[in-house]
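A short worksheet on the structure shown next.
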Amino acid sequence: MNAELGAQLGQLLRARTTAALGTLRAAMPQVSMVPYAIPADGSGFIVHVSTLAAHTKDMLVDARVGLLVAEAEGGGKSALGLKRVSVQGLAEQLAADAVRLAEFSAAYLARFPDAEQLFGFADFSIFLIRPVSARFVAGFAQAHTLSGVSLVKILQSRP
């Protein structure tokens, strides 16, 4: 992937704040919506979720997940031409005593300050979704496959 496409992908992921989260439940795909943040080191996607949520239970049983982030609709742009990325990854719950918990919590709260009250609830926890691979569609007939390592490098670069 060239530098221009990498910049477009990075911009998309930094501009959007929610993703469709795909999990597996009884060997069937389930999809929900989650807000996400990106840690400073670009190591993946931070989500803050409740253990009461079905998607959290799913991630605890099977760490394989998918995230879909898409450009906003509207402005006369064809739905077929919307930029989008589908990320295949592994979800890891951070323990309450994890070394990077404070860092990831701060990154999440910097993006979603109104979520601060949720950090006081015992059923919420931070997960890091580490990318394994991704498929970036930069527009109609412009699909690109990249490794998790390549996506992390894009997430590490700042505009």
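The values are calculated or read from the model by the stated rules, or taken from the named source; none is laboratory data. Small disclaimer: the values here were computed from a predicted structure and weren't measured. Note that we place each Cβ from the backbone using ideal geometry, even for glycine, and neighbour counts take in every protein chain shown. Note: areas computed on protein heavy atoms with side chains; ligands, DNA, RNA excluded. Shrake-Rupley method; radii C 1.70, N 1.55, O 1.52, S 1.80 Å.
For segment 117-129, state whether one or more residues are under 19 Å from ALA15 (Cβ atoms), open to solvent by 40 Å² or more (accessible area, probe 1.4 Å) and either at pLDDT 95 or above or touching an Asp or Glu at 6+ places or on another chain (Cβ under 6 Å) (or both). Checking segment 117-129: not a single residue is under 19 Å from ALA15 (Cβ atoms), open to solvent by 40 Å² or more (accessible area, probe 1.4 Å) and either at pLDDT 95 or above or touching an Asp or Glu at 6+ places or on another chain (Cβ under 6 Å) (or both). For segment 130-146, the tally of residues that are in contact with a strand residue (DSSP E or B) (Cβ under 9 Å, 6 or more places away or on another chain), more than 16 Å from VAL47 (Cα to Cα) and either aliphatic (A, V, I, L, M) or open to solvent by 50 Å² or more (accessible area, probe 1.4 Å) (or both) stands at 10. Each residue in segment 113-154 was checked for being over 20 Å from LEU82 (Cα atoms) and assigned to a helix (DSSP H, G or I), and 13 pass. For VAL87, the conditions (1) within 19 Å of THR145 (Cβ to Cβ); (2) open to solvent by 10 Å² or more (accessible area, probe 1.4 Å); (3) in contact with a helix residue (DSSP H, G or I) (Cβ under 8 Å, 6 or more places away or on another chain); (4) of a type in the set (A, V, I, L, M) are fulfilled apart from (2). Among the residues making up segment 90-102, those that are open to solvent by 30 Å² or more (accessible area, probe 1.4 Å) and under 24 Å from ARG135 (Cβ atoms) are LEU90, GLU92.
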